[in-house]
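Okay, so here's the structure we're looking at.
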Amino acid sequence: MRGDFGYMEEGQLGKPYNLRLLRRLLPYVRGSWGAVALALLASILITAADLAVPYVSKVAIDHYIVGTWYEAKKPLPAEAKRILENYPDGLVRSADGRAFMSHVKATEMDPAHARKLEESGVLFPHKFVRAPRNAKTRRILEGLPGLADMPDKTAMVPAETLAGLSTKHRAILRADDLAGLFSMGLLLLALSAAAVFFGYWEYNLLERAGQRIMQGIRTHLFDHLVAQSPAFFDRHPVGRLVTRVTNDVENLNEMFKSVMVTVFKDVFILAGIVGVMLALDVRLALVCLVLVPPVILVTAVFSRMARDAFRRLRATVARMNAFLQERLSGIRAVQFFAVEDAQMEEFSVVNRENYDAGMLQIKIFAVFMPLMEFLSALGVALIIWYGGLRVLSGQVTLGTLVAFVSYMRMFFRPVRDIAEKYNIMQAAMASSERIFEFLDTDERLPPGTGQAPEKREGRADFQSVDFSYEPGRPVLRNVSFSIPPGSTVALVGRTGSGKTTCAHLLERFYDPVSGSVAMDGADLRQWPVRDLRKRLALVQQDVFLFAGTIRDNITLGQDKGEDALLSAAEKSGALEFIRHLEKGMDTVLAERGTNLSAGQRQLLSFARALYADPAVLILDEATSSVDPETEAAIQKAIRQMSAERTMLVVAHRLSTIEKADNIVVLSHGRVAETGTHQELIQKGGLYAKLLEAARRE
Ligand code: ATP
Ligand code: MG
């Protein structure tokens, strides 16, 4: 499949969410399932701890701070008895038969029942607080009116009586409640400590899994990338490919983290909040849920607007990047022609677009965030109003009300989170789509079907080769010639006649449309590509040098020993200038070797080819002119190299090839004539004309 992934911009993307993508991601997650599962578990535990905090506060308020009990009328009317039968452990009895109910139990009753009990005066009018009976409290309790002794060594103290005591005495009587509060405080502390602990593991495991997944994808991408045919690289700009392996993978990691984990966590916490609210008080929970539709609506509208703004922003950033990259790499042209002003104007337009897109995004967020705050405040107001009403009527405890306020605030956090992460997810989705589309694009040449011939002769044959880079535009037509082992064949012809193309076909960068190119008697399509390339070496027209030492540039990471290195440098004629460099072989080259001269680069590329020690050396000679001395060095190097092996030389300086065993003259992709230098001169054809033209220069 031939994808156009490289040309897709964010703005043109189709569906934002795609489960197919998540499925494609799964194989890379496979090695990290354990870590991911543990991270998810940790995040569930953190969420549970978060959810527990308001609940613990509620218990602290209801049981220990408020802690009120109601006394039931004595004797109980028959109807009240019947009602209370529904709540078997609702009442606790004192030693002398008085009955009490805690205010928490009272709010948990069916509202109709509670109202009946209240109306008939069975419950409610008198409030009590439970106090322990021990050595410390004995003296204070002595003689207090209205006490009721409970079987568990506590006493019910009427609230009014308690209010009449000094602060110190009140504290002593409520020692149990204070102890309870203290333990609740400890519990809250423990919960936060647990959240910190699990938070550490969640982050750690998640990041580790994310890094490992990215590493896997990058390896896969690079593998895939280097296996593609040169035709693929003709069509896809390098910058885009680099983005695929770096930025896009980084974005994908973001997707893994935000989509797979944050969303999971957010949904979990939302469900948890709704669940706890419903369990605490159904009516109050339903009132709160009234807010859900407007929240969803606002979030949906906002997400859409934010997505569009975000895409616009990305598009302007891409445009600005492209502009800058182009102008800076062409800075010489800009400066030589003194067109800085015009460029500045153009840049300010792009810059302005970027600013506008950024501002639009900011404006959208500036509306959304306060709007969410408002909805959250509205939720709290609803709780205070309706919940307060129910607290006053004794149907909801104060603790529940406080817990609701906390849950309501908590509810908005994940909503805001999801809305905010939406952009990241969008970009991540786009990136992953491009990554997978790239992985689906496979333009490798079909692998060799057979074995490399045993005999390492160094013979090459072109047989009726037709070739075109693009369908319908033939570049080579019926090209046939042979290079016998050990001989040197030269290819000449006007520019664009197809010389480099022949060299590329022999390297099997491309396959011929028809006809065959063979090496050591076997069609190239039968050769395992790596074996073939080991037997051939190509010195290209545009020498490519990496940033690194001279040594690295010659060996390309293959260690054959210092002798091989020196001999290659010597034979190629490069040793001479390398010796004169301050650090010799260890001199560091700038990117693309710009700190060497054109001739030096050429010699270095010879050294590289000789180091590879191929059976056949293909030389696509540079057109750049070098000084006579270097030219002589190059000539000498070529002569030396050709003495030892088969060579195909693409020559522009015809002087180079006078000694070639055979010369193939190409014209518009066809073989115009072949023969030795002498033969061709005598023939007086195209070669003679080319030679004449060269002489006249
Ligand atoms: P020169 O002497 O200038 O190096 P050449 O003989 O090496 O020329 P080739 O590079 O083989 O010429 O190109 C032959 C034809 O193929 C030219 O018309 C060129 O436009 C076309 N061509 C070369 N490379 C490609 C490519 N990657 N994609 C499409 N067309 C190409
Ligand atoms: Mg060429």
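The values are calculated or read from the model by the stated rules, or taken from the named source; none is laboratory data. Given the structure is predicted, the values throughout are model-derived calculations rather than measurements. A quick note on method: Cβ atoms are made from the backbone with ideal geometry, for glycine too, and the neighbour counts reach across all protein chains shown. Accessible surface areas use protein heavy atoms only, side chains included; no ligands, DNA or RNA. Shrake-Rupley method; radii C 1.70, N 1.55, O 1.52, S 1.80 Å.
What's the carbon and sulfur percent of the chain's accessible surface, probe 1.4 angstrom, rounded to a whole number?
Working: 20660 of 35770 Å².
Answer for the chain is 58 percent, counting heavy atoms of protein chains only.
Excluding ligands, DNA and RNA, what is the solvent-accessible area per residue of the chain at a probe of 1.4 Å, expressed in Å²? Walk me through the intermediate numbers first.
Details: 35770 Å² over 697 residues.
With all protein chains present, the chain gives 51 Å² per residue.
Provide the packing ranking of 399-406, 556-563, 81-88, i.e. peptides ordered by the mean count of other C-beta atoms within 10 Å per residue, highest first.
In decreasing order of mean packing, 399-406, 556-563, 81-88 become 399-406, 81-88, 556-563.
For the chain, list the DSSP H helices whose alpha carbon atoms reach 27 Å or more along the long axis and whose average Kyte-Doolittle value is 1.0 or above? Walk me through the intermediate numbers first.
Working: long enough: 33-59 (38 Å, 1.61); 175-226 (76 Å, 0.60); 292-329 (53 Å, 0.32); 340-382 (62 Å, 0.47); 398-440 (60 Å, 0.33).
Result, helices passing both filters: 33-59.
Report, to two decimal places, the Cα Rg of the stretch 60-179 normalised by 2.2 N^0.38 Å (N = number of residues).
1.08
Calculate the length of the line joining the C-alpha centroid of the stretch 190-231 to that of the stretch 530-575, in whole Å.
Answer, in whole Å: 37.
If packing is taken as the mean number of other Cβ atoms within 10 Å per residue, what is the order of 457-466, 606-615, highest first?
Values: 457-466: 19.1, 606-615: 22.3.
In decreasing order of mean packing, 457-466, 606-615 become 606-615, 457-466.
Please give the calculated 222 nm ellipticity per residue for the chain, where each DSSP H segment of at least 4 residues contributes -39500 (n - 2.57) and the sum is spread over every residue; nearest 500 deg cm²/dmol? Numbers along the way, then the final one.
On the way: 28 runs with 399 residues, N = 697.
So the calculated ellipticity at 222 nm is -18500 deg cm²/dmol.
Hey, can you grab everything whose amide H is under 5 Å from the amide H of Val650? Only 5+ residues off in sequence or another chain; H modelled, so Pro and N-termini drop out.
Leu491, Leu619, Asp620, Glu621
List every residue whose amide H lies under 5 Å from the amide H of Asn595, counting only residues 5 or more places away in sequence or on a different chain, with H placed 1.01 Å from N in the peptide plane.
Distant-sequence amide H within range of Asn595: Ala590.
Name the residues whose placed amide hydrogens come within less than 5 Å of the amide hydrogen of Gly515, ignoring near sequence neighbours (fewer than 5 apart) on the same chain.
The list, which skips near neighbours in sequence, is Asp466.
May I have the count of lysine pairs in the stretch 460-696 with C-alpha atoms under 22 Å apart, counting pairs 8 or more residues apart or located on different chains?
The result is 14.
Roughly how many debye, to the nearest 20, is the charge dipole of the stretch 60-179 about its Cα centre, given +1 on each Lys and Arg Cβ, -1 on each Asp and Glu Cβ, and no other charges? Intermediate results must be reported in sequence, preceding the final value.
Working: 19 positive and 16 negative charges, 94 e Å.
Magnitude of the dipole: close to 460 debye.
For a quick protection proxy, order the peptides 427-437, 148-158 by their average other-Cβ count within 10 Å, most packed first.
On the way: 427-437: 22.2, 148-158: 17.2.
Descending mean neighbour count gives 427-437, 148-158.
Can you compute the equivalent ellipsoid semi-axes for the chain, i.e. the square root of 5 times each eigenvalue of the Cα gyration tensor, sorted largest first and rounded to whole Å?
On the way: eigenvalues 1549, 129, 105 Å².
Taking √(5λ) for each Cα gyration eigenvalue gives 88, 25, 23 Å.
With viscosity set to 0.890 mPa s and temperature to 25 °C, compute the Stokes-Einstein D of the stretch 460-696, Rh being the Kirkwood radius across alpha carbon pairs; µm²/s, no decimals.
Numbers: Rh = 18.4 Å.
For the chosen part, D equals 133 µm²/s.
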